[in-house]
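Undergrad: Shown below is the structure under consideration.
Nothing in this text is a laboratory measurement; each read-out follows from the coordinates by a stated rule. What you are looking at is a predicted structure, and each value in this text was computed from that prediction instead of being measured. Glycine also receives a Cβ, built like all others from the backbone with ideal geometry; neighbour counts cover every protein chain displayed.
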Amino acid sequence: MRTVPESQKFIIVDHNTVTTADLPPCPNPRGWYHSVAGIKDTAGGLVATYRLSDSHTAVYTHIMAARSRDGGRTWSGHRSISHRNVWEHQACWVAPQLSRLADGRLVIICDEGHRSSGADWPTLTRWQQRPPRGMANYLFWSDDDGATWSDPVRIDDVGGEPGYVTELGDGTLLYTRTESARFAEMEDPPEGWGDIYYRNRAVASTDGGRTWTPLALVADGPYHGDSEVGTVEVEPGHLLAMTRIGFCGGRLGQPSRIIRSEDGGHTWGAPELSPVYGQRTVVRKLRSGKLLVTYRNRWGTPASCAFLWDPAETLGFEPTSHIYERDRCRLQDGVMVCTTSSGRRHEVEFSLYPAITSRAEVVLEVELRRERGAGAALLSAGFGVRVEDGCVRLVRFATKRHETGSLEAASPWQGRGAVRADLDTGGYHRYRLERTPDACRLLVDGQVVLASDDPDLRQRVVRFGSCGELTSWWRSAQARVHNPDDYSIDWRWDGSRGFPDQFQRDRVVVLDYTSDSGYSDWTQLDDGTIVVADYSSADIRGVNEGGPQPVLKAFRLTEEELAPHEAG
């Protein structure tokens, strides 16, 4: 994927920035955690907002504001708009979202969540339960370009990761919020959620933001859990929404969904699969009419990303990849060559749409060879196969909770029947994995070598890649996933089409590769420059892995730099 040069990145606030003398010392000895950026162009220059906290799972929070008068290169005037902490308020601010209205007013919408001190950071499904839990959404207003702000105005008792406020052409104000619901028929519910899932609702105001009315559900899919939804008015009354997948934390290979309304948000059409895997999507229209979405890419290669497209363009499913080090994949004479080594950050993995329930049918076929060595090629078609040195074996991923984790840590299957077969894996073979509601089987060059009817072998993910000390050669791959109650895909690739994730490489721009990033925002200046604000540690390690606390950055880009790039 394309990246932003360091010369186009500027610090809004970091660990050395003096924010305000009114703030006490940070309760975290590692320093402040800067996150959840908002940015808007005003008559007085750029205004940025963000959350200042002790950590991601915060006990001490401020909603902050700062200003730039040179297009985002330098920032000053950092000050607190509002404060919450668990000792005084038994609550914290979660994710402030900034918008600018046609009359020049700025508005922040933010959810407040009740919590206590210690390790008391709940999932949203639990946070929205009534006492001792609880959430609510609040608005903050400024009519002087961010110089002063109103006290918080409570507008509901739901909270729910609200999207930024979108102003429609007729003056209606609209935001989305995530609500928790129960689905008793949930099959194999994920730990931490159980039969509770997320759905998303539009909420509107026709009196300038004084009163708000819940409208229709934007999305209601138990096996998707749409949340953190961004909206844009493409044409008068025609809205487009882009979601984050909340089911299983979005870890199964389901991309963001696009949903449209033709009546200003009162009703919404059937969701469509998008080609990006966004968290906290911010989708708005540029002056050119193109749509730009910025988002956190978390369950492919972790990064802050931007994606530009024409609203008339037809989009659909595209695979994602988990490749920290891009030079581990190369094309050679129409073959993809992958050289991996031990550890999650040195693996190569491509992810396709999952098998949602036990009724799903999956076929995954790849043509590959591998050299002798300790590593393995791993294939999953709703059940896992490791192609090792001299054999193939059935496996499961290390953790069933989210069906993710290191490919290298996938464990041998101990179920009924044959779980291993000897095979000379040093030459090219066609490996075909077939999963039906009744059985799983592996065919090599048309011959069945492993089969099992053990239902515990089946899982949801559909992926292929390599791990450990290994060089592998991949000629082709194809997958058919039929979900009777959900989306189905029929996908094919060979080396003449570039890499399996070529769409992402050509169309997505990486702001920063980082495991600590999002949520972003962007604005367009009078000269056409696009300024994105986002938080980032610029480090692939998470904070809990010893990575640094994140800082807030401004990225200056042009539309030409974001435009689609044709593969050479």
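Undergrad: Please state the shape class of segment 322-500: rounded when a/c is under 1.5, otherwise prolate if a/b exceeds b/c and oblate if not, all from the C-alpha gyration tensor.
TA: Verdict is rounded for segment 322-500.
Undergrad: Run lengths n ≥ 4 of DSSP H only: what is the helix-derived mean residue ellipticity at 222 nm for the chain, with -39500 (n - 2.57) per run over all residues, to the nearest 500? Can you show the working numbers first?
TA: Values: 3 runs with 14 residues, N = 568.
Using -39500 (n - 2.57) per qualifying helix, the result is -500 deg cm²/dmol.
Undergrad: How much length would be gained if the chain were fully extended between residue 181 and residue 525, taking 0.36 nm per residue of separation minus their Cα-Cα distance, in nm to one decimal?
TA: 119.8 nm
Undergrad: Which peptide among 70-77, 474-481 comes first, and what is the full order, when sorted by highest mean count of other Cβ atoms within 10 Å?
TA: 474-481, 70-77
Undergrad: Shifting gears a bit: Taking the Cα centre of the chain as origin, sum charge times position over the Cβ atoms of Lys and Arg (+1) and Asp and Glu (-1), and report the length of that vector in debye to the nearest 20.
TA: 960 debye
Undergrad: Tabulate in residue order the Karplus-calculated ³J(HN,Hα) for segment 371-376, using 6.51 cos²θ - 1.76 cosθ + 1.60 with θ = phi - 60°, rounded to whole Hz; enter x for Gly and Pro.
TA: Each residue of segment 371-376 in turn: 7, 5, x, 7, x, 8 Hz.
Undergrad: Grab the chain and count how many Lys pairs have their alpha-carbon atoms under 25 Å apart, sequence gap of 8 or more, or different chains.
TA: 9
Undergrad: Can you tell me which of 57-65, 261-269 comes out highest on packing, and rank the rest after it, using the mean Cβ neighbours within 10 Å? Present the calculation step by step, with values, prior to reporting the outcome.
TA: Working: 57-65: 23.6, 261-269: 16.6.
Packing proxy ranking, top to bottom: 57-65, 261-269.
Undergrad: Simple spin-label model, 7 Å along Cα-to-Cβ: residue 263 to residue 80 in nm?
TA: Taking the two extended label points, one gets 4.7 nm.
Undergrad: Highest mean first, how do 195-202, 362-369, 88-95 rank when packing is the count of other Cβ atoms within 10 Å averaged over residues?
TA: Taking the mean over residues of other Cβ atoms within 10 Å, the ranking is 195-202, 362-369, 88-95.
Undergrad: Determine the distance separating the Cα centre of segment 182-225 from the Cα centre of segment 505-554; give it in Å without decimals.
TA: The two parts, judged by their Cα centres, are 28 Å apart.
Undergrad: Calculate one ³J(HN,Hα) per residue across segment 232-242 by plugging θ = phi - 60° into the Karplus curve 6.51 cos²θ - 1.76 cosθ + 1.60, and present them in order as whole Hz with x for glycine and proline.
TA: Per residue, the Karplus-derived 3J(HN,Hα) values read 8, 8, 7, 9, x, x, 9, 9, 10, 10, 10 Hz.
Undergrad: Right, something else. With θ taken as phi - 60° and the coefficients 6.51, -1.76 and 1.60, list the Karplus ³J(HN,Hα) couplings across segment 167-177 in order, rounded to whole Hz; mark glycine and proline as x.
TA: Once θ is set to phi - 60°, the couplings for segment 167-177 become 9, 8, x, 8, x, 5, 9, 9, 9, 10, 9 Hz.
Undergrad: Let me ask something additional. Write down the radius of gyration of the chain and its Dmax, each obtained from C-alpha positions, in Å.
TA: Gyration radius and largest Cα-Cα distance of the chain: 24.0, 73 Å.
Undergrad: By how many nm would the segment from residue 188 to residue 330 lengthen if fully extended, with 0.36 nm per residue of separation less the alpha-carbon distance?
TA: Between residue 188 and residue 330, full extension yields an extra 47.3 nm.
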